[in-house]
Amino acid sequence: MSGVKKEYDIIHKELREQSFIRTDYPPNPSEILWNRKVMAMKREELDKIKTLRLKRIVKWAWENIEFYRKFWKAKNFEPEMIKDWRDVTKIPVLRKDEIRKDIQQNPPFGNIFHPELARYMRFVGATSGSTGLPTFQGWGALELDYFQEAQARYLWTFAEVKPNRVYANYLNMSGFYSWGPPVVETAMWRCGATAIAGGGETYFSWKNRHNLIFKLWKVDVFATTPWLHRLVGEEAVLEGWETPFKVLLLHGGAAAENTKKKLFKVHPNAELAISVWGTTDGHMAIEVPGLEGQLVIWEDMEIFDVVDPKTDEPVAEGERGELIATLLNHFTMPLIRYSLGDYVKNEFLTDPDPKYGITHMRFAEPVPGRVEWMFFVKGKLLLPIYVEDAINEIPDTTGMFNIFIYDNSMDKLKIRIETRKEQVDSNYDKQAREILASRIGINPDDIEIEWVKPGNTIWTGYKLQVFVDQRKKK
């Protein structure tokens, strides 16, 4: 065994022995917090841990990962520049194009993987490749163990995923998706729950089978995208039965405020709807029940910062920009100051939440969407979530829609919307455009709606394709 693998195993062992990764599970159901020692840790201790781990992962990458050594040298960065976790902003921003270039030059994974640790990978995740060549994420024993711990924290604490509970995972089960069975189902077992790996991408072809499973198994916690949540609930209402779900976990895209209201109408047994933001790479933030739109970050796991996407310079507090993240415990394939592409407000809350006493910081407002999803109509900056919120106020719609982006700066908002009305007359169309216009701040005449029957919007697997990019590629 090489020195690198020994060091990796020692770090993994220490994280378990220090209880950052809980090893005695499932806990007693009376325990409120999955990992009280870490989740309620004092702020000064969290700061010390972040500093220690940032220095460690940067040093590791410099000494062991050829990709980072070359990339940082070219940007005049050296590990000695990191004195404190706040110095993370001194590290050059890494974007997906750089990783793709590395993969093309050094297939299959590129030099960003450690060659020795790559031999011990337990799971390979991959992006969809919708914008080009897929990028991969390697998960070894340490990375998987820590991510399963991170999942268990919110599943146990917020969603009441405990022994005798049934959880149905309707995220993607194919295409190398890392939040599928290798990670999420194993987190279920830590919690002592029964896990059903349903797979949202098969709902359309096996709808009757899936609906039968929901009814027979009395699923307590249902995890999928906000749009598939809505569709399943609408189907149940039309068929005359009630979904059994008590907790709705909303993955794959921020849920608009009015979408949540609609979900509670079509899922009458639901007590909670919790937004879960995350990426295939292993980043996550979870909405704290009772704190609408405030998503908690596990700070022992990663550091976030926000930059101007045009300059890569940090934005001032309260300003919006592009989300950048550093995973502190990923050694097989480190992701250090990596651009996640999400558009967020640089405002984080550090006071303990009043219900659980969790001390880790929270986003002050939801993550509304990706930077590349921003679009302009008559000079007005918009995101799909703003449009979605308005659509849910239009009578007789299913909440499903597609926005068609045909230029960088558009004269009209061109949108496809599902309606249950048999005939759409001019009055209905006018009312809909006026509702949209008043909510998103443009003129009704600058909106063009294509009305379609339920089931005729564009989906990609279990995700509604809210942003359809029709611009010509350069």
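The values are calculated or read from the model by the stated rules, or taken from the named source; none is laboratory data. Small disclaimer: the values here were computed from a predicted structure and weren't measured. Cβ atoms come from the backbone with ideal geometry, glycine included; neighbour counts cover every protein chain shown. With ligands, DNA and RNA removed, areas are computed over all heavy atoms of the protein, side chains included. Shrake-Rupley method; radii C 1.70, N 1.55, O 1.52, S 1.80 Å.
A few remarks follow.
- Leading residue by the ranking (modelled with the highest pLDDT) among those in the range 106-161 that are touching a Ser or Thr at 6+ places or on another chain (Cβ under 7 Å) and part of a loop (DSSP other than H, G, I, E, B): Gly140
- Some residue of the range 435-447 being loosely packed, with under 15 Cβ neighbours inside 10 Å, touching a strand residue (DSSP E or B) at 6+ places or on another chain (Cβ under 8 Å) and among the polar types (S, T, N, Q): no
- Residue check, Asp312 in a loop (DSSP other than H, G, I, E, B) and either charged (D, E, K, R) or surrounded by fewer than 20 Cβ atoms within 10 Å (Cβ to Cβ) (or both): yes
- Selection within the range 42-86 - closer than 15 Å to Glu302 by Cα, of a type in the set (A, V, I, L, M) and open to solvent by less than 50 Å² (accessible area, probe 1.4 Å): Leu46, Ile49, Leu54, Ile57, Val58
- Qualifying residue in the range 222-237 (condition: surrounded by fewer than 22 Cβ atoms within 10 Å (Cβ to Cβ) and in a loop (DSSP other than H, G, I, E, B)): no
- Pairs where the first residue, in the range 275-298, is assigned to a strand (DSSP E or B) and the second is buried (at least 22 other Cβ atoms within 10 Å of the Cβ) and among the polar types (S, T, N, Q), C-beta under 8 Å, 6+ apart: Met284/Gln151; Ile286/Ser275; Glu287/Ser275; Leu295/Ser275
- Residues that are surrounded by fewer than 20 Cβ atoms within 10 Å (Cβ to Cβ) and among the aromatic types (Phe, Trp, Tyr), drawn from the range 356-370: Tyr356
- Residue count for the range 98-114 under the criterion of being of a type outside the set (Lys, Arg) and without any contact (Cβ under 8 Å) to a residue 24 or more places away in the chain: the result is 3.
- All conditions but one from (1) at pLDDT below 95; (2) assigned to a loop (DSSP other than H, G, I, E, B) apply to Thr243; the one that does not is (1).
- Residue check for Leu291: open to solvent by 20 Å² or more (accessible area, probe 1.4 Å), aliphatic (A, V, I, L, M) and in contact with an Asp or Glu (Cβ under 8 Å, 6 or more places away or on another chain): yes
- Meets criteria (part of a helix (DSSP H, G or I), open to solvent by less than 20 Å² (accessible area, probe 1.4 Å), touching a residue at least 60 places away in the same chain (Cβ under 8 Å) and under 17 Å from Asp300 (Cα atoms)) for Leu33: no
- Qualifying residue in the range 88-97 (condition: out of contact with any strand residue (DSSP E or B) (no Cβ under 8 Å at 6 or more places or on another chain) and at pLDDT below 95): yes
- Meets criteria (under 25 Å from Ala61 (Cβ atoms), touching a Leu at 6+ places or on another chain (Cβ under 8 Å) and among the basic types (Lys, Arg)) for Arg362: no
- Residue match in the range 115-129 (condition: open to solvent by 50 Å² or more (accessible area, probe 1.4 Å), within 20 Å of the chain's Cα centre (by Cα) and either farther than 20 Å from Arg53 by Cβ or touching a residue at least 40 places away in the same chain (Cβ under 8 Å) (or both)): yes
- Residue under evaluation Met39, criteria (1) more than 30 Å from Asp353 (Cβ to Cβ); (2) under 23 Å from the mean Cα position of the chain (by Cα), criterion not met: (1)
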